[in-house]
Amino acid sequence: MKRDFITMFDLKKEEIHQIFELAKTLKNSQKKGVEHRILKYKTLAMVFEKPSLRTRVTFETGMTQLGGHAIYLAPSDIQLGKRETVPDAAKNLSRWVDIVMARVFAHKTVDDLAKNATIPVINGLSDLEHPCQIMADLFTIVEKKESLENITLAYIGDGNNVCNSFMAASNILGLRLKIATPAGYEPNKNYIAKAKYTALTNDPRAAVKDADIVYTDVWASMGQEKEAAQRKEVFAPFQVNAELMKHAKEDTLVMHCLPAHRGEEITDEVIDGPHSIVFDEAENRLHIQKAIMVWLSQQH
Ligand code: CP
Ligand code: NVA
């Protein structure tokens with residue numbers, strides 16, 4: 001049966017590690033200039049309802065490096081659910097291309113694409129999850145810390161899609177999570193109900209204490225622009241700045257999925273500081289997504 005990657009819950013622990021191994025091999029090949037055209041003649045359709053730098057460029061570049069081709073479909077092209085239904089779009093795409101990646105507003109849209117497509121569908125961000133980001137982040141942590149065993153990650157800020165995917169990953173992998181959000185901005189309730197290794201707090205200082213990684217993301221996600229001004233006030237005490245980092249360990253690494261709103265959720269001194277690994281994280285989007293596409297193409 002074809003496999004999709006819509007939520008972190010779609011992968012088992014051993015499958016995540018298989019994908020990490022594949023990403024490591026593909027990254028080495030790319031660095032050494034060794035050809036790895038594993039998806040020769042394959043086509044990826046990239047459906048976007050929202051803007052993107054990293055997701056678009058890494059999927060398209062990744063497909064080129066794998067010997068295939070990627071088609072960018074802008075928000076105005078398909079107009080999922082408006083110009084035609086999501087199931088119809090999925091059934092059409094399945095007749096032409098080999099993989100679909102979609103960045104959507106409602107999670108149901110990417111879920112419906114997957115249910116109606118006969119080819120693998122990848123979630124390139126929805127309002128519920130951002131699983132490709134979290135795979136890149138976990139792969140980066142393994143590179144820096146050698147393993148995910150005994151790692152504590154403090155997530156500071158909004159309980160959003162990125163935070164939900166971390167919670168799912170934490171359940172699967174046993175990663176310890178400490179999440180600090182303002183009251184009322186906690187992650188998804190269903191994810192909280194399932195959480196096994198997550199501690200929730202409203203105190204960012206308590207969260208960063210003893211953490212190996214401090215992670216943050218924007219306070220207003222795409223689609224929440226109207227709430228941005230109000231959120232800036234609510235989230236101000238959750239800024240990842242030098243003062244907050246004083247409460248963390250000396251060697252704590254700093255991560256951010258990017259784009260960063262510098263001066264809001266993170267300050268220049270921290271994102272440009274010696275513990276920041278945000279661009280390694282961004283680079284790894286390329287390697288891990290190549291591995292995800294190859295791995296999904298191998299499942300039947
Ligand atoms: N982190 C991330 O998904 O970036 P883009 O929104 O630029 O794709
Ligand atoms: N939470 C952010 C992530 C951007 C990559 C958003 O959804 O806009």
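A few notes on this one:
- For region 202-239, the set of residues classified as more than 15 Å from ligand 2 (Cβ to nearest atom) and aliphatic (A, V, I, L, M) consists of 206, 207, 208, 211, 213, 214, 229, 234, 236, listed by residue number.
- Scanning region 4-58 for residues that are closer than 27 Å to residue 107 by Cα and either more than 19 Å from the chain's Cα centre (by Cα) or open to solvent by 60 Å² or more (accessible area, probe 1.4 Å) (or both) gives 9, 12, 13, 14, 17, 18, 42, 43, 51, 53, 56, 57.
- Considering region 182-223, and only residues there that are assigned to a loop (DSSP other than H, G, I, E, B), closer than 15 Å to residue 153 by Cα and open to solvent by 50 Å² or more (accessible area, probe 1.4 Å), the residue that is nearest to ligand 1 (Cβ to nearest atom) turns out to be 197.
- Check on residue 179, within 16 Å of ligand 2 (Cβ to nearest atom), hydrophobic (A, V, I, L, M, F, W, C), under 23 Å from residue 274 (Cβ atoms) and buried (at least 24 other Cβ atoms within 10 Å of the Cβ): no
- When residue 243 is tested against (1) part of a helix (DSSP H, G or I); (2) within 16 Å of ligand 1 (Cβ to nearest atom); (3) farther than 24 Å from residue 20 by Cα, exactly one condition is not met: (2).
- Residues of region 73-106 that are open to solvent by 30 Å² or more (accessible area, probe 1.4 Å), within 24 Å of residue 162 (Cβ to Cβ) and modelled with pLDDT of 95 or more: 73, 105, 106.
- Residue pairs meeting the criteria (Cβ under 6 Å; at least 6 apart or on separate chains; first within 19 Å of residue 159 (Cα to Cα), in region 224-249; second of a type in the set (Phe, Trp, Tyr) and within 16 Å of ligand 1 (Cβ to nearest atom)): 231/219; 235/219
- In region 219-253, the residues that are touching a helix residue (DSSP H, G or I) at 6+ places or on another chain (Cβ under 9 Å) and closer than 16 Å to residue 163 by Cβ: 219, 220, 221, 224, 238, 240
- For region 138-168, the set of residues classified as among the aliphatic types (A, V, I, L, M), in contact (Cβ under 8 Å) with a residue 40 or more places away in the chain and not in a helix (DSSP H, G or I) consists of 151, 153, 154, 156, listed by residue number.
- Considering region 226-240, and only residues there that are of a type outside the set (D, E, K, R) and surrounded by fewer than 19 Cβ atoms within 10 Å (Cβ to Cβ), the residue that is nearest to ligand 1 (Cβ to nearest atom) turns out to be 228.
- Selection within region 246-270 - surrounded by 19 or more Cβ atoms within 10 Å (Cβ to Cβ) and part of a helix (DSSP H, G or I): 270
- Taking region 59-72 as the range and being of a type in the set (Gly, Ala, Ser) and either in contact with a Lys or Arg (Cβ under 6 Å, 6 or more places away or on another chain) or open to solvent by 60 Å² or more (accessible area, probe 1.4 Å) (or both) as the test, the residues that pass are 62, 67, 68.
- Figure legend. Inter-residue proximity from region 1-20: first residues closer than 12 Å to residue 169 by Cβ, second residues open to solvent by 50 Å² or more (accessible area, probe 1.4 Å) and in a loop (DSSP other than H, G, I, E, B), beta-carbon distance below 8 Å, spacing 6+ or different chains. Indicated pairs: 10/3.
- Among (1) within 13 Å of ligand 2 (Cβ to nearest atom); (2) of a type outside the set (Phe, Trp, Tyr); (3) within 22 Å of residue 113 (Cβ to Cβ), the one test that residue 46 misses: (1)
- Matching residues, region 189-241, being of a type in the set (Val, Ile, Thr) and under 20 Å from residue 125 (Cα atoms): 192, 216, 218
Here's the yes/no breakdown for (1) within 16 Å of ligand 2 (Cβ to nearest atom); (2) touching a helix residue (DSSP H, G or I) at 6+ places or on another chain (Cβ under 9 Å); (3) polar (S, T, N, Q):
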{"site": "103", "(1), (2), (3)": "yes, yes, no"}
{"site": "115", "(1), (2), (3)": "no, yes, no"}
{"site": "128", "(1), (2), (3)": "yes, yes, no"}
{"site": "145", "(1), (2), (3)": "no, no, no"}
{"site": "148", "(1), (2), (3)": "no, yes, no"}
{"site": "158", "(1), (2), (3)": "yes, yes, no"}
{"site": "163", "(1), (2), (3)": "yes, yes, no"}
{"site": "171", "(1), (2), (3)": "no, yes, yes"}
{"site": "174", "(1), (2), (3)": "no, yes, no"}
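The values are calculated or read from the model by the stated rules, or taken from the named source; none is laboratory data. Since the model is a prediction, treat every value here as computed from it, not as a measurement. Reconstructed Cβ throughout: ideal geometry from the backbone, glycine too, with neighbour counts over all protein chains shown. Surface areas here come from the heavy atoms of the whole protein model, side chains and all, with no ligands, DNA or RNA. Shrake-Rupley method; radii C 1.70, N 1.55, O 1.52, S 1.80 Å.
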